[in-house]
Amino acid sequence: MKVLNWFFVLIGIAGIVSVRIFEDSLFYDPFLNYFHDATKNAKFPDFEWTKLILSHLFRFILNLISSCIIIHFIFKNKSWTVQGAILITIIFAITFPIYLYCVSDRFEIGYLFSFYIRRFVIQPLILLLIIPLFYYRKQILAKA
């Protein structure tokens, strides 16, 4: 890869890291401290549904943009970038309603289950699967 491509990949990584570093000031998430306490006895916080949903959607969009930058400049294939964006969106569309159900149930479904579903909602974990998947696809296509 050329130096400019690596630069843009680093910009995408910096975007994902920045979302994580500045999560306290950028997003409304009353459950940050709840899960940081790492105890089942922590007090369930009061929250506003609309602000919570909009904040998570905003965070998802920022992570999606950064993830697409990474995918695009690693593989230089627009259709793969679109496929990556679709896969990330599908995972979010599956996990976000589950997370909202967990919140409405006050995490009675399970503390750890809710914790890990929340991770899929707020972090672009699927990117760790998409990059090896596309790399494997690239290797297969190179052999053909």
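When Asp105 is evaluated against the numbered criteria (1) exposed (fewer than 14 other Cβ atoms within 10 Å of the Cβ); (2) closer than 29 Å to Phe7 by Cβ; (3) of a type in the set (D, E, K, R), which criterion, by number, is the only one it fails?
(2)
Tell me which residues, restricted to the stretch 1-25, are closer than 21 Å to Leu54 by Cβ, surrounded by 15 or more Cβ atoms within 10 Å (Cβ to Cβ) and hydrophobic (A, V, I, L, M, F, W, C).
Residues satisfying the conditions are Ile16, Val19.
Okay, residues lined up against (1) closer than 24 Å to Ser25 by Cα; (2) over 11 Å from the mean Cα position of the chain (by Cα):
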| site | (1), (2) |
| --- | --- |
| Glu48 | yes, yes |
| Arg59 | yes, no |
| Leu64 | yes, no |
| Ser79 | no, yes |
| Val82 | no, yes |
| Phe120 | yes, no |
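Could you list, ordered by first residue, the pairs with Cβ atoms under 7 Å in which the first is in the stretch 39-65 and within 23 Å of Ala85 (Cα to Cα) and in contact (Cβ under 8 Å) with a residue 24 or more places away in the chain and the second is open to solvent by 50 Å² or more (accessible area, probe 1.4 Å) and in a loop (DSSP other than H, G, I, E, B), at least 6 apart or interchain?
Leu52/Tyr28; Ser55/Tyr28
Scan the stretch 101-144 for residues that are of a type in the set (Lys, Arg) and more than 19 Å from Val19 (Cβ to Cβ) and jot them down.
If the condition is that a residue be of a type in the set (Lys, Arg) and more than 19 Å from Val19 (Cβ to Cβ), then Arg106, Arg137, Lys138, Lys143 are the ones that fit.
Where residues in the stretch 26-75 are open to solvent by less than 50 Å² (accessible area, probe 1.4 Å) and small (Gly, Ala, Ser), which of them is nearest to Leu125 (Cα to Cα)?
It comes out as Ser67.
The values are calculated or read from the model by the stated rules, or taken from the named source; none is laboratory data. These numbers were taken from a predicted model, which means no experiment stands behind them. Ideal geometry is used to build each Cβ from the backbone, glycine not excepted, and the neighbour counts take in all protein chains shown. For accessibility, only protein heavy atoms count, side chains too; no ligands or nucleic acids. Shrake-Rupley method; radii C 1.70, N 1.55, O 1.52, S 1.80 Å.
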